[in-house]
Amino acid sequence: MRIDKYLKVSRILKRRTVSKELALHQRIEVNGKSVKPSYDVKPGDCITITFGQRQMTVKVLETSNFSKKADAPMMYEVLEEKWLEENCCE
């Protein structure tokens, strides 16, 4: 399954277009490497998403083309979630 679709189906991100834009701007990494929206996600992959000042790392547990809202959190495991500090010049 494409990474942009996976992020939408798993409800990590709200819209597929948002995940596609993040990938195009190199804000999505899989196993430490920046990926394109067409990257094929597999169970066991570690995905790091940077959006705004937030960074989230999840491990893919399963991929399915459709999921109910209640079942979506079972598709991944959150490994880390952190807020990035702003760079300020004084």
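Bear in mind that the values in this text are calculations on the coordinates, not laboratory data. Please read these numbers as outputs of a predicted model, since none were measured by experiment. For neighbour counting, all protein chains shown are included, and Cβ atoms are generated from backbone atoms with ideal geometry for every residue, glycine included.
For Ile12, Ile47, Ile28, which order do you get if you count the other beta carbons within 10 Å of each Cβ and list the fewest first? Kindly include the intermediate steps, with their values, before the conclusion.
Details: Ile12 18, Ile47 23, Ile28 26.
Starting with the residue having the fewest Cβ neighbours, the order is Ile12, Ile47, Ile28.
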*Relative contact order of the chain: what whole-number percent is it, with Cα pairs under 8 angstrom and at least 6 residues apart?*
26 percent
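Can you compute the helix-only [θ] at 222 nm over the chain? Use -39500 (n - 2.57) per DSSP H run of at least 4 residues, normalise by all residues, nearest 500 deg cm²/dmol.
Working: 2 runs with 16 residues, N = 90.
Mean residue ellipticity, 222 nm, calculated: -5000 deg cm²/dmol.
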*How many nm separate the modelled label positions at Gln26 and Ser38, each set 7 Å beyond the Cα in the direction of the Cβ?*
2.0 nm
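Order 54-61, 17-24 from most to least packed using the mean count of other Cβ atoms within 10 Å.
Details: 54-61: 15.9, 17-24: 17.6.
Ranked from most to least packed, the peptides come out as 17-24, 54-61.
Segment 3-83: D in µm²/s via Stokes-Einstein (Kirkwood Rh, Cα pairs, 25 °C, 0.890 mPa s)? Could the numbers behind the result be given before it?
Numbers: Rh = 12.4 Å.
Estimated via Stokes-Einstein, D reaches 198 µm²/s.
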